1. For the range 279-291, enumerate the residues that are in a helix (DSSP H, G or I) and closer than 11 Å to residue 251 by Cα.
2. I'm trying to understand the selection: among the residues of the range 233-247, which are buried (at least 22 other Cβ atoms within 10 Å of the Cβ) and at pLDDT below 90?
3. Go over the candidates 230, 312, 285 one by one and state the one that is surrounded by fewer than 20 Cβ atoms within 10 Å (Cβ to Cβ) and within 18 Å of the chain's Cα centre (by Cα).
4. Look at the range 118-132 and say how many of its residues are assigned to a helix (DSSP H, G or I) and buried (at least 18 other Cβ atoms within 10 Å of the Cβ).
5. Between 374, 335, 402, 396, which is buried (at least 23 other Cβ atoms within 10 Å of the Cβ), free of Cβ contacts under 8 Å to residues at least 24 places away in the same chain and closer than 23 Å to residue 179 by Cα?
6. Regarding the range 257-271, can at least one residue be identified that is closer than 20 Å to residue 196 by Cα, out of contact with any strand residue (DSSP E or B) (no Cβ under 9 Å at 6 or more places or on another chain) and assigned to a helix (DSSP H, G or I)?
């Protein structure tokens, strides 16, 4: 049963502790909630979730139970992962250091051990904390299957924990993970549930809300587009602008450029692409994120059959970025991009040579569709109609299996042209 935080006593206690420490309401928010939400808490107009209480207690430097005024059972466990000495802070520092040095294997091992301890001790809050940190590492390592499996477990934990913010955050991540393993129907279900649940959280209008729209748009794009994409894109970009963060706005324009390209709005795609490039081209953008953006940009332009000079320019940038950030794409994904590029520039023989080296198991559901489709087109241009028809049929079937029915329909039309 979720612990009930009592208002207005909580609000008075929160305000007193804040003033004693000489802090502003903005200081308490620090990116997790907004200043207005802190004001409502202090007035007793809102009942905080345990996750918000945990965040506030950390900022104020007081135990969770002292701030909440009740026994919550939400305190972080004192135990540490095997091979890690010290407190939970030491573990966080080790993970942070490992990530900074590119040692994702070490970070994954520490968080996996911590998650296992929390699972064994029956501590849902700790499971969510360690698990959500771990899923980010798995995402960076391109471990799509592992990330999907982990988040499938965590969403059940979040449902039992009764913390709305944790549930929405987990559900958005699971929607993205389901998309990446080609489970578009499931991805739609999770993102729709997150849309219904986010209204009751402190995420409304913030960066996590922008991320929800971005994941929704990407799922729609992978499914083959739709008229509603434009409406959601406009809403996402406007919301991101209100957050007043170049990084968040840059990512919003990044997602928008991909979506617009896939529905054939090339000019709008290029506009968003230019905005994304301007906003993300600063020191705070990591090499990995810049590489992912560059790869996504050239992929979107090829989807839209954009001008060849624009595609070539973006492809050169993507190659340079991937060379600088080794974890930006798997070898299979990088090779798949080269196959598609070779087809785009009229080198079908080269495309087939590269394709022979690609391990399709390293591709996500929709990326596999794109790869097989490119192979079919290369075979057709090389005068291999039977092989081309077989590849295109397989691409269409893969699209159908991923619930990308509109994309499948487009590919089936290409099959009939060969027949």
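1. At the first step, the residues of the range 279-291 found to be in a helix (DSSP H, G or I) are 279-280, 287-291.
Of everything in the range 279-291, those that are in a helix (DSSP H, G or I) and closer than 11 Å to residue 251 by Cα turn out to be 279, 280, 289, 290.
2. Let us first name the residues in the range 233-247 that are buried (at least 22 other Cβ atoms within 10 Å of the Cβ), namely 233, 236, 240.
If the condition is that a residue be buried (at least 22 other Cβ atoms within 10 Å of the Cβ) and at pLDDT below 90, then no residue fits.
3. Numbers: 230 fails: within 18 Å of the chain's Cα centre (by Cα); 312 fails: within 18 Å of the chain's Cα centre (by Cα).
Exactly one of 230, 312, 285 is surrounded by fewer than 20 Cβ atoms within 10 Å (Cβ to Cβ) and within 18 Å of the chain's Cα centre (by Cα), namely 285.
4. Of the range 118-132, the ones assigned to a helix (DSSP H, G or I) are 118-121, 124-132.
Filter once more, so that each one left must be buried (at least 18 other Cβ atoms within 10 Å of the Cβ): 118, 124-132.
Of the residues in the range 118-132, 10 are assigned to a helix (DSSP H, G or I) and buried (at least 18 other Cβ atoms within 10 Å of the Cβ).
5. Numbers: 374 fails: free of Cβ contacts under 8 Å to residues at least 24 places away in the same chain; 335 fails: buried (at least 23 other Cβ atoms within 10 Å of the Cβ); 402 fails: free of Cβ contacts under 8 Å to residues at least 24 places away in the same chain.
Every option except 396 fails the conditions.
6. Restricting attention to the range 257-271, the residues satisfying the condition of being closer than 20 Å to residue 196 by Cα are none.
Taking every residue of the range 257-271 in turn, none turns out to be closer than 20 Å to residue 196 by Cα, out of contact with any strand residue (DSSP E or B) (no Cβ under 9 Å at 6 or more places or on another chain) and assigned to a helix (DSSP H, G or I).
The values are calculated or read from the model by the stated rules, or taken from the named source; none is laboratory data. All of these numbers come straight from a predicted model, not from anything done at the bench. Cβ sites come from the backbone with ideal geometry, for glycine too, and all protein chains shown count toward neighbours.
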